[in-house]
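To start, the structure under review is shown below, and the notes come after it.
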Amino acid sequence: MTGTDPSELRALVDRLEALAERRLTTRPRTEPARARATRLADHLAGHVRVRAASLDAPILVVLVGPTGAGKSTVFNTIAGRSASETGVLRPTTRVAVVLLHPDDRPTLADGPFARIPPSQVRFVEDATIEPGLVLVDAPDIDSVEHANRELTDRLVEAADLALFVTTATRYADRVPWGVLERVRERGLPLQVIVNRMPPDAADRADVLADVRRLLAEAGLDAVQAAAEDAPPREVITVREGALDPSGDRLLRAEIAPVLDEIARLRADRDARLDLAARALTGSLTGLGESLDQIADDAEHESIDVEALRRIADRAYETALDGLRHEVGRGSFLREEALRQWHTFVGADQMTRFFAEGIGRIRGAIAAVIRPATAPVAEVRAATTEDLVAVARLQAAEAARRTATSWSETTAAGRAIAEQPELWVPSPDFDTRLQARLERWIEGITEEIQAHGRPKRLLARGAAVGVNAMGTGVMLATFVHTGGLTGAELGVAAATAFLNQKVLAALFGEAAMVELVAHARQRLDEALSTTFDEERDRFDALLPPPGVLTSLAADLRDAAADVRALPSPA
Ligand SMILES: Nc1nc2c(ncn2[C@@H]2O[C@H](COP(=O)(O)OP(=O)(O)O)[C@@H](O)[C@H]2O)c(=O)[nH]1
Ligand SMILES: [Mg+2]
């Protein structure tokens with residue numbers, strides 16, 4: 001038994017499972033990092049939670065190894081029947097074949113098989129065996145089929161004992177050692193079986209010595225010990241061709257030590273409790289390292305994520321600055337709209353009054369400006385259309401820049417490849433901005449009505465009309481004279497000059513300046529909100545700021561708490 005208080009352990013499992021879940025929702029950016037997080041979740045749900053609840057729950061013995069090594073043959077030999085399909089055509093075993101007493105079945109579903117889809121499990125019930133030990137034939141670990149490999153990994157995370165089956169020619173293969181590395185890390189009790197041993201005794205001795213050496217070098221002696229501080233279990237060897245007449249089983253004598261161990265575990269509850277406790281202890285010992293590795297992953301990722309965020313920020317900020325510049329100069333506005341306004345504000349006649357002072361201009365407005373001829377709709381439509389077009393060009397540039405930079409990184413390359421729409425502005429960019437600009441123009445008109453020193457202003461402005469005044473203010477946010485005189489410049493400056501004079505005459509200089517400043521500020525808000533939304537499409541692919549670093553800190557705390565658990569009695 002472990003010396004850990006069961007309720008303390010269960011509370012810790014809850015906390016660790018929540019951490020694993022948090023990590024998975026940040027969508028780990030590399031395959032190894034994702035695998036580490038999944039493994040932790042699988043291990044906590046399939047093993048630690050089960051054992052924290054009860055050491056008495058059925059023991060899970062899992063057969064793992066490379067394709068064609070003879071796992072299913074061993075399984076059938078233990079089962080004493082042809083329950084799992086064997087064969088030379090690969091891969092034969094696509095589901096986990098599970099041999100168990102019917103009484104053990106209900107406890108598996110929400111225990112060790114909690115994260116294993118039921119469609120991937122085939123139960124073989126046998127009421128003649130003792131309950132308490134469940135034997136699983138797993139799919140090949142070197143299977144090219146991803147789902148197979150994932151299933152086997154989950155079974156390894158849930159196991160109490162691994163029966164690792166390999167052959168005299170395959171034992172040095174690289175992939176199986178990846179699984180054995182995980183067996184060591186999670187302290188999973190291990191029994192190694194080497195199948196298809198050569199007939200020659202000296203050859204057999206050579207193979208066995210080599211297998212032993214590799215296992216010892218990989219630090220696997222401790223998990224092979226049948227009891228704490230005991231020497232490693234003997235590696236079980238099976239001669240080539242030692243098949244029983246059925247063809248899908250071995251001669252029983254060939255794997256007598258395995259059959260004996262299974263029989264002993266079935267017969268002896270204390271032996272099962274002991275194995276369960278050893279598996280749990282090994283697992284708790286390994287958790288600290290797993291948690292720290294995942295914390296490392298999260299920290300590294302947070303650096304990458306912040307760099308990605310800065311790239312997007314900068315691209316959209318640069319584009320918005322470019323847009324502000326164009327808006328500030330009014331250079332995007334088509335000349336035709338300016339000419340219409342120029343004509344409306346009375347160009348020729350009005351200019352004559354400028355030299356005679358503000359009073360004369362005021363007097364002239366009613367006489368010169370004809371509200372009925374105000375090209376309000378035309379000028380507004382042209383302005384918003386031109387503004388949307390120039391904004392879209394800038395948004396396209398920002399999207400292209402961000403997508404280009406992101407696609408060159410491992411942290412975001414795949415996400416960009418999966419969402420080609422990120423290379424261009426959002427499909428509803430125009431309609432969103434259009435709606436905001438319309439709202440913006442309405443806002444100008446409302447402000448003129450609400451704050452424009454109502455009586456005097458409205459009396460004077462009545463001749464012009466509030467919509468026309470609003471349009472004048474709108475234009476003044478783009479085109480302004482900045483100290484130049486109308487005679488010297490083209491239509492933009494001339495219109496700006498005239499427009500400003502008229503507005504100043506209507507509102508007074510100070511109120512006009514304020515109206516224009518407000519309009520400019522609200523326009524800037526409309527543009528930056530729209531650009532923020534564009535950038536958010538990229539940000540949505542990243543965990544929110546701080547999430548990864550605080551997760552890493554919580555993982556480190558948890559690792560420290562796991563290490564501080566009382567050592568097993
Ligand atoms: N000749 C010979 N064939 C074997 C031996 N052990 C297993 N096989 C065959 O090798 C093939 C693969 O075995 P199987 O148990 O399906 O391997 P698994 O992929 O690990 O489940 C089957 O056709 C077995 O009958 C053996 O010792 N000698
Ligand atoms: Mg098989």
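Descriptive notes on the structure:
- Looking only at segment 129-154, and only at residues there that are within 14 Å of ligand 1 (Cβ to nearest atom) and of a type in the set (Asp, Glu), the one that is surrounded by the most Cβ atoms within 10 Å (Cβ to Cβ): ASP137
- Within segment 108-223, helices (runs of 4 or more DSSP H) holding 1 or more residues that are β-branched (Val, Ile, Thr), within 16 Å of ligand 2 (Cβ to nearest atom) and at pLDDT below 95: 146-158, 174-185
- Residue match in segment 181-190 (condition: surrounded by fewer than 17 Cβ atoms within 10 Å (Cβ to Cβ) and at negative phi): yes
- Residues located in segment 420-437, provided they are touching a residue at least 60 places away in the same chain (Cβ under 8 Å) and either among the charged types (D, E, K, R) or under 30 Å from SER302 (Cβ atoms) (or both): LEU422, PRO425, SER426, ARG432, ARG436
- Unmet criterion (only one of (1) away from ligand 2 (no atom under 15 Å from the Cβ); (2) under 15 Å from GLY65 (Cα atoms); (3) basic (Lys, Arg)) for ARG94: (1)
- Taken over segment 52-63, the criterion of being within 32 Å of the chain's Cα centre (by Cα) and modelled with pLDDT of 95 or more is satisfied by VAL62 alone.
- Of all residues in segment 276-287, at least one satisfies being over 30 Å from ALA83 (Cβ atoms) and either in a loop (DSSP other than H, G, I, E, B) or among the aliphatic types (A, V, I, L, M) (or both).
- Of all the listed residues (THR92, THR38, THR77), the sole one being at pLDDT below 95 and either within 30 Å of THR166 (Cα to Cα) or more than 16 Å from ligand 1 (Cβ to nearest atom) (or both) is THR92.
- If only residues of segment 1-24 that are of a type in the set (Ser, Thr, Tyr) and touching a residue at least 40 places away in the same chain (Cβ under 8 Å) are counted, the one that is nearest to ALA279 (Cα to Cα) is THR2.
- Failed item in (1) assigned by TED's automatic domain parsing to the domain that holds ASN148; (2) more than 16 Å from ligand 1 (Cβ to nearest atom), with LEU99 passing the rest: (2)
- Qualifying residue in segment 53-76 (condition: in contact (Cβ under 8 Å) with a residue 60 or more places away in the chain, under 24 Å from ALA276 (Cβ atoms), of a type in the set (Lys, Arg) and not assigned by TED's automatic domain parsing to the domain that holds VAL95): no
Residue by residue, here is whether (1) assigned to a helix (DSSP H, G or I); (2) of a type in the set (D, E, K, R); (3) in contact with a helix residue (DSSP H, G or I) (Cβ under 6 Å, 6 or more places away or on another chain); (4) at pLDDT below 75 holds:
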{"site": "ARG456", "(1), (2), (3), (4)": "yes, yes, no, yes"}
{"site": "GLY470", "(1), (2), (3), (4)": "yes, no, yes, no"}
{"site": "THR477", "(1), (2), (3), (4)": "yes, no, yes, no"}
{"site": "GLY483", "(1), (2), (3), (4)": "no, no, no, yes"}
{"site": "ALA494", "(1), (2), (3), (4)": "yes, no, yes, no"}
{"site": "ALA510", "(1), (2), (3), (4)": "yes, no, no, no"}
{"site": "GLU514", "(1), (2), (3), (4)": "yes, yes, no, no"}
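- Test for ARG272: is it in contact with an Asp or Glu (Cβ under 9 Å, 6 or more places away or on another chain), within 16 Å of ligand 1 (Cβ to nearest atom) and not assigned by TED's automatic domain parsing to the domain that holds ASP539: no
- Only one of GLU378, GLU385 that is within 30 Å of PHE538 (Cα to Cα) and at pLDDT 85 or above: GLU385
- Condition check for ARG264: over 20 Å from ARG563 (Cα atoms), surrounded by fewer than 21 Cβ atoms within 10 Å (Cβ to Cβ) and either in the same structural domain as ALA242 (by TED's automatic domain parsing) or in contact with a helix residue (DSSP H, G or I) (Cβ under 9 Å, 6 or more places away or on another chain) (or both): yes
- Residue match in segment 214-221 (condition: crowded, with 19+ Cβ neighbours inside 10 Å and assigned by TED's automatic domain parsing to the domain that holds LEU99): yes
- Complete set of residues in segment 516-569 that are outside any helix (DSSP H, G or I), in contact (Cβ under 8 Å) with a residue 40 or more places away in the chain and under 30 Å from GLN419 (Cα atoms): LEU541, LEU542, PRO543, PRO545
- Any chance LEU108 is touching a strand residue (DSSP E or B) at 6+ places or on another chain (Cβ under 9 Å) and within 16 Å of ligand 1 (Cβ to nearest atom): no
- Residue match in segment 54-77 (condition: charged (D, E, K, R), over 12 Å from VAL134 (Cβ atoms) and within 16 Å of ligand 2 (Cβ to nearest atom)): yes
- Inspection of segment 226-248 finds no residue satisfying the criterion of being in a helix (DSSP H, G or I), more than 16 Å from ligand 2 (Cβ to nearest atom) and touching a residue at least 24 places away in the same chain (Cβ under 8 Å).
The values are calculated or read from the model by the stated rules, or taken from the named source; none is laboratory data. Bear in mind that the values here come from a model prediction, so they are computed numbers and not experimental data. When we count neighbours, we look across all protein chains shown, and the Cβ atoms used for this are built from the backbone with ideal geometry, even at glycine.
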